[in-house]
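Undergrad: Handing you a structure now.
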Amino acid sequence: MTVGVLFLLSMFLWPLASAIPRRHRAALILVGALMMEGVKEVDWSDIGESLPPS
């Protein structure tokens, strides 16, 4: 079920991804990976810290 939903979302997001030139995609993936480094420091057992403020 999850894979099906993600596949449907990817069909609508593909035009957005294709608008980015191919030579810049690797840099965006690297920046995204670097941004995920801070996730390992989150205390996931504390819901007040793990969810963003609304």
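Undergrad: Please compute the modelled spin-label separation between Ile47 and Met35, points set 7 Å along Cα→Cβ, answer in nm with one decimal.
TA: 2.7
Undergrad: Considering only protein heavy atoms and a probe of 1.4 Å, how much of the accessible area of the chain is carbon and sulfur, as a whole percent?
TA: 73
Undergrad: I'd like to check one number: the per residue accessible area of the chain, probe 1.4 Å, reported in Å² as a whole number.
TA: On the way: 5240 Å² over 54 residues.
Accessible area per residue, the chain: 97 Å².
The values are calculated or read from the model by the stated rules, or taken from the named source; none is laboratory data. Note that this is a predicted model, so its numbers are computed, not measured. In this analysis, Cβ positions are derived from the backbone assuming ideal geometry, glycine residues included, and neighbour counts consider all displayed protein chains. Protein only, heavy atoms only, side chains kept; ligands, DNA and RNA dropped before computing areas. Shrake-Rupley method; radii C 1.70, N 1.55, O 1.52, S 1.80 Å.
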